1. With Pro138, Pro161, Pro165 as the choices, which residue is touching a strand residue (DSSP E or B) at 6+ places or on another chain (Cβ under 9 Å), surrounded by fewer than 19 Cβ atoms within 10 Å (Cβ to Cβ) and more than 30 Å from Pro74 (Cβ to Cβ)?
2. I'd like the full set of residues that are free of Cβ contacts under 8 Å to residues at least 60 places away in the same chain and either surrounded by fewer than 16 Cβ atoms within 10 Å (Cβ to Cβ) or outside the structural domain of Val57 (by TED's automatic domain parsing) (or both), limited to the stretch 86-98.
3. Take the residues in the stretch 97-112 that are in contact with a helix residue (DSSP H, G or I) (Cβ under 9 Å, 6 or more places away or on another chain) and not charged (D, E, K, R), then tell me which one is nearest to Met128 (Cα to Cα).
4. Given (1) assigned by TED's automatic domain parsing to the domain that holds Leu42; (2) out of contact with any strand residue (DSSP E or B) (no Cβ under 8 Å at 6 or more places or on another chain), identify the lone condition not met by Pro132.
5. Is at least one residue of the stretch 108-118 exposed (fewer than 13 other Cβ atoms within 10 Å of the Cβ) and among the aliphatic types (A, V, I, L, M)?
6. Evaluate the following for Gln105: is it of a type outside the set (A, V, I, L, M) and within 16 Å of the chain's Cα centre (by Cα)?
7. Output the number of the condition that Pro74 fails; it satisfies all remaining conditions of (1) at pLDDT below 95; (2) assigned to a strand (DSSP E or B).
8. Looking at the stretch 142-169, I want the residues that are in the same structural domain as Ala203 (by TED's automatic domain parsing) and within 25 Å of Asn199 (Cβ to Cβ) and have a partner that is part of a helix (DSSP H, G or I) and basic (Lys, Arg) with Cβ atoms under 7 Å, at least 6 apart or on another chain. Which pairs are those?
Amino acid sequence: MTESGAPAACPQGTSRLALFPLRAVLFPGGLLTLRVFEARYLDLVARCMKRGEDFGVVCLKQGGDVRAPEQGAPVRFEAVGVRARIDSVDAQQAGLLAVRCTGQQRFVREGEPTQDADGLWSACVREMEADPACVPAPAMLGSVKALATAIATLRERGEQPFLQPLRLDDAGWVANRWCELLPIPLAARHRLMALADPNERLALVDAYLRGKQVVR
């Protein structure tokens with residue numbers, strides 16, 4: 001913070017981004033629905049909609065995402081996050097918004113985050129490179145086919161968990177969608193999201209699926 005109370009200027013090559021800490025991991029191209037009721041986040045949503053801005057979703061490592069932190073547990077969250085674009089807002093009742101978002105580009109936090117008087121977090125962030133488009137290796141085709149089957153099963157149940165168009169010919173997309181579906185620990189899910197190489201991410205997912213005999 002500066003003496004005036006405003007956050008310090010960000011270093012060259014970075015920009016300040018409002019953060020929304022959650023006990024969840026957002027992936028590029030992923031869907032996120034939030035039930036927003038805290039005043040600070042209601043204000044954040046209104047500001048982002050008015051200005052056409054994104055906010056950053058970061059995974060909580062410690063503490064709470066609402067203003068009732070665990071006793072003796074300061075809020076700590078991961079350095080890598082994903083920009084969230086607001087697609088729609090539904091005012092379900094007074095003081096409660098259902099906000100539907102799509103994951104955009106990943107970012108890495110530079111330095112420590114700051115918290116305003118209203119409790120809203122922000123940080124200087126540097127954009128990460130998007131996954132390069134690459135076809136899954138032949139050894140990964142079992143995981144690709146298994147994802148196609150899972151999507152078909154979900155559709156039969158009336159569920160549409162992924163945005164169209166489906167990109168089953170893209171290793172990063174396939175890995176990300178599996179990461180959203182699999183019952184893996186939050187820390188492991190975050191590490192997979194933060195990996196720079198989509199082929200490595202898909203290979204780790206493939207190994208998990210084979211270990212669980214989802215893919216043979």
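The values are calculated or read from the model by the stated rules, or taken from the named source; none is laboratory data. A quick note: this is a predicted structure, and the numbers were derived from the prediction, not measured. Note that we place each Cβ from the backbone using ideal geometry, even for glycine, and neighbour counts take in every protein chain shown.
1. Numbers: Pro138 fails: touching a strand residue (DSSP E or B) at 6+ places or on another chain (Cβ under 9 Å); Pro165 fails: touching a strand residue (DSSP E or B) at 6+ places or on another chain (Cβ under 9 Å).
Just one listed residue meets the conditions, Pro161.
2. Step one: filter the stretch 86-98 for residues free of Cβ contacts under 8 Å to residues at least 60 places away in the same chain, giving 86-95.
Within the stretch 86-98, Asp87, Ser88, Asp90, Ala91, Gln92, Gln93, Ala94, Gly95 meet the criteria.
3. So in the stretch 97-112, the residues in contact with a helix residue (DSSP H, G or I) (Cβ under 9 Å, 6 or more places away or on another chain) come out as 97, 99, 103, 106, 108.
Add one more test, that the residue is not charged (D, E, K, R), and what stays is 97, 99, 103, 108.
Values: Leu97: 30, Val99: 25, Gly103: 13, Val108: 7 Å.
Checked the stretch 97-112; the qualifying residue nearest to Met128 (Cα to Cα) is Val108.
4. For Pro132, the exception is condition (1).
5. Filtering the stretch 108-118 for residues exposed (fewer than 13 other Cβ atoms within 10 Å of the Cβ) gives 112, 117-118.
Keeping just the survivors that are among the aliphatic types (A, V, I, L, M) gives 117.
Yes, the stretch 108-118 contains a residue that is exposed (fewer than 13 other Cβ atoms within 10 Å of the Cβ) and among the aliphatic types (A, V, I, L, M).
6. yes
7. Of (1) at pLDDT below 95; (2) assigned to a strand (DSSP E or B), only one is false for Pro74: (2).
8. If the second residue must be part of a helix (DSSP H, G or I) and basic (Lys, Arg), the pairs left are Leu147/Arg177; Phe162/Arg177.
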